[in-house]
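Working notes, beginning with the structure itself.
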Amino acid sequence: MTQKITIEPVTRVEGHGKVTIHLDDKLNVAQTRLHIVEFRGFERFVQGRPYWEAPVLVQRLCGICPVSHHLAAAKALDVIVGAGTGDGLTPTGEKMRRLMHYGQIFQSHALHFFHLSSPDFLLGYDADPAIRNVIGVAMNYPELATQGVMMRKFGQEIISHTAGKKIHGTGAIPGGINKNLTAEERDILLKGEDPLNADKMIEWAEGALEFFKDYYLKNREFVDGFAYFPSNHLSLVRKDGAMDLYHGVLRAINSNGEKILNDVDYQDYYKYIEEEVRNWSYMKFPYLKSLGKDDGWYRVGPLARVNCCDFIPTPKAQKQFEEFRAHTNGKPNNFCLHTHWARLIELLHSAEVIKDLLQDPDLLKDDLVVKGNKTDEGVGLIEAPRGTLFHHYKINDNDQITMANLIVSTTNNNEPMNQSVNFVAKNMMSGQKEITEPMKNAVEVAIRAYDPCLSCATHALGKMPLDIKLVSSDGKELDHYRS
Amino acid sequence: MSEKVKFTIDGKEYEGEKGRLLVDVAAENGVYIPVLCHWKDVKPAGSCRICTVKVNDRYMTACTTPIDANMTVENKTPELEDIRKAIVEMLFVEGNHFCPACEKSGDCDLQALGYLYQMMVPRFPYAFERRELDAKSPKIFLEKNRCIFCKRCIRMIKDDKGRSFFAFKGRGKHLEITIDEKLAANISEELAQEAMKICPVGAILRKEVGFSTPIGQRKYDKVPIGSDIEVLQK
């Protein structure tokens, strides 16, 4: 028996979640739901606005990964201004955008791992919440905490030099970019004073990977047993199957590694993907049309990307990739907490890409924008830090946006996050009359693996604005936890 | 030969040609009096009142006041600065100004004055007027939410026959800026760019060029409004 819980709108993207757990007569978990209930409305109020405004306006959706929205919108508008579907820009235009994007991936992954998730690994998910936070990490592991802060700073500096400022810049415009990199800016990033240079970032990213693998070896049973379930995986890959976080074709595989979406052009995404609306959440549930609502849901993000690609086109990350894939005998990895492992491989890959790009003379050239024959519709996809991000726009003859459809990473991961939360709740809370603090944090750990947007600004203070209710079969509230 | 007269601004003596506008003579002498509707050498409108000064203890608009001998002008006093700040606040609450996504941000005179006067939360309630957009012109996007009714475009953007591309429509709170659809259909590239440039806010936009100036290179990214005049201070 279930009970309808009244839901107050909470922040969708930036840190407020609500979990409801329903118990049956024997106090076993019958149903668990993660609610993301705030309605943002960007798709509606962007209508009527001039199309060239979209990359700057829509990035305001988020203060954590605005670059991803900025670039996804710009990629969609590239199509509209006749600059091709993601690969028609000038070399400077494309490489400046790539640098911006990989800088964003780098800083976001560093933030997520060191700032939000490392307290669980370093101090234990069942540690005293008073110390299980970034302050506790800084006090007990000052070197690692410093690395986390400086890695994020390095990524933010890249964004600042490419987009104009660290948060909500204006670098990408339809058909290209509004600035190149000066030789001074390049040298600051490539050969900056220790530790803020590309080589040190690669070294530290490798160190972070070794730290996680060491943790994994010591806690394998917990990590592998935490929210494991098979799923489909979806991501962009380069046309040759390489990992590419900026542009590519759309690939989806099932839990056995068989392709269920075979490297299709993402301009046609709507032919393959549909969204289901459920009456208890403002967040939709996307699924692959060919498999239907029940079986077509998929994961996105680092785990999905490392599962979907055939190789990683930078040497150090490729080596780590081979080790990661060997762990599951080349089959897709469906261990929820291995998302952190995959994320750190991407962190290393990003650092390598950043170094390669900074050595490319195209970044200093002046040919910034291309335009061709205008069309009235465009789709832009990008691999945001936490997964595939879809932007789709239509415009009228007066250059006004008439339709916008955004499928954000968090939305793509909606069903997997619910599956994970349900898994953890069933394993840890069934038969319990009281929710203990470690149980509550286990729920947070599951969510955190996917989407720091939900846990952002929270773990830093030792609290996550999470609302957990334990409801018995007669509707009685047994326990209520609100952090 | 024109007559030179002496006058004071904030106690300091200046000299200028009798009859010329106070705001222009002050600028030439390195004294910044803020403007929004004024444009040098264009017939003044005196509509925005941001250039309010005290002349011989009376409130006057510097953009419509000719200089004369023995004028005593107060400009940078706490009282006048607060009046100007209040005017900026009124302009912000009267329209719908969302700087974060506006392509004129960094080049906008109203925004720059907001920073200059350290405007935080306006002392007046927001009107939240619903204003339409006019995007029918092939080159101009008219964002009526941002118009501050300075009339610069009406006075300055004209065709070969002297016809204005822009006009006011309605009265009072229903006043709105409009663009002549037929004339605007053939507006030259030069005039379209000029219209965007002279608009002190982001109401007139040349289509398809937004955000082409990087952050850091925009007009007010590095120096506050008026600093180009104040460097002339003798």
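The values are calculated or read from the model by the stated rules, or taken from the named source; none is laboratory data. Here the structure is a predicted model, which is why all the values come from computation and not from measurement. Don't worry about glycine lacking a Cβ; one is built from the backbone with ideal geometry, like all the others, and counts go over all protein chains shown.
Yes or no, residue by residue, for (1) away from chain A (no Cβ under 14 Å); (2) over 25 Å from B:CYS63 (Cβ atoms); (3) touching a residue at least 40 places away in the same chain (Cβ under 8 Å):
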| position | (1), (2), (3) |
| --- | --- |
| B:PHE166 | yes, no, no |
| B:ILE177 | yes, no, no |
| B:LYS182 | yes, yes, no |
| B:ALA185 | no, yes, yes |
| B:GLN193 | yes, no, no |
| B:ILE198 | yes, no, yes |
| B:GLY210 | no, yes, yes |
Point to revise | So A:ASN232, is it out of contact with any helix residue (DSSP H, G or I) (no Cβ under 6 Å at 6 or more places or on another chain) and either free of Cβ contacts under 8 Å to residues at least 60 places away in the same chain or within 19 Å of A:GLY301 (Cβ to Cβ) (or both) | key: yes
Review point. Failed condition for A:GLY257, given (1) within 22 Å of the chain's Cα centre (by Cα); (2) outside any helix (DSSP H, G or I); (3) closer than 23 Å to A:THR85 by Cα, with all others met?
Key: (3)
Exercise for review: Give just the number: which of (1) more than 14 Å from chain B (Cβ to nearest Cβ); (2) not in a helix (DSSP H, G or I) does A:ILE135 not satisfy?
Suggested key: (2)
Practice item. Would you mention how many residues in the range A:399-449 are among the polar types (S, T, N, Q) and assigned to a helix (DSSP H, G or I)? Key: 11
Review point. Looking at A:LYS284, A:LYS319, A:LYS331, A:LYS289, which is the one that is under 24 Å from A:SER255 (Cα atoms), modelled with pLDDT under 95, out of contact with any Cys (no Cβ under 7 Å at 6 or more places or on another chain) and surrounded by fewer than 21 Cβ atoms within 10 Å (Cβ to Cβ)?
Key: A:LYS284
**Study point:** Check on A:ARG49, within 14 Å of chain B (Cβ to nearest Cβ), more than 13 Å from A:ALA404 (Cβ to Cβ) and touching a residue at least 24 places away in the same chain (Cβ under 8 Å)
**Key:** no
Practice item. Out of B:ALA192, B:ALA167, B:ALA135, report the one residue that is within 30 Å of A:ASN180 (Cβ to Cβ) and of a type outside the set (Asp, Glu). Key: B:ALA192
Check your understanding: Hey, B:ALA45 hits all of (1) of a type outside the set (Phe, Trp, Tyr); (2) in contact with a Gly (Cβ under 9 Å, 6 or more places away or on another chain); (3) over 22 Å from B:LEU232 (Cα atoms) but one; which does it fall short on?
Key -> (2)
Point to revise | Filter result (in contact with a strand residue (DSSP E or B) (Cβ under 9 Å, 6 or more places away or on another chain), in a loop (DSSP other than H, G, I, E, B) and not acidic (Asp, Glu)) within the range A:19-39 | key: A:LEU27, A:ILE36, A:VAL37
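Rundown of residues vs (1) of a type in the set (Gly, Ala, Ser); (2) under 23 Å from B:LEU91 (Cα atoms); (3) in the same structural domain as B:VAL42 (by TED's automatic domain parsing), yes/no style:
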| residue | (1), (2), (3) |
| --- | --- |
| B:PHE124 | no, yes, no |
| B:GLU129 | no, yes, no |
| B:SER137 | yes, no, no |
| B:LYS144 | no, yes, no |
| B:PHE168 | no, yes, no |
| B:ASP180 | no, no, no |
| B:ILE187 | no, no, no |
**Study point:** Checklist (1) small (Gly, Ala, Ser); (2) within 14 Å of chain A (Cβ to nearest Cβ); (3) under 20 Å from B:PRO34 (Cα atoms) applied to B:ALA112, failing item
**Key:** (2)
Review point. Within the range A:83-102, is even one residue touching a strand residue (DSSP E or B) at 6+ places or on another chain (Cβ under 9 Å), surrounded by fewer than 24 Cβ atoms within 10 Å (Cβ to Cβ), polar (S, T, N, Q) and within 14 Å of chain B (Cβ to nearest Cβ)?
Key: yes
Exercise for review: Among residues belonging to the range B:75-96 that are in a loop (DSSP other than H, G, I, E, B) and either away from chain A (no Cβ under 14 Å) or among the hydroxyl-bearing types (Ser, Thr, Tyr) (or both), point out the one that is nearest to the chain's Cα centre (by Cα).
Suggested key: B:GLY95
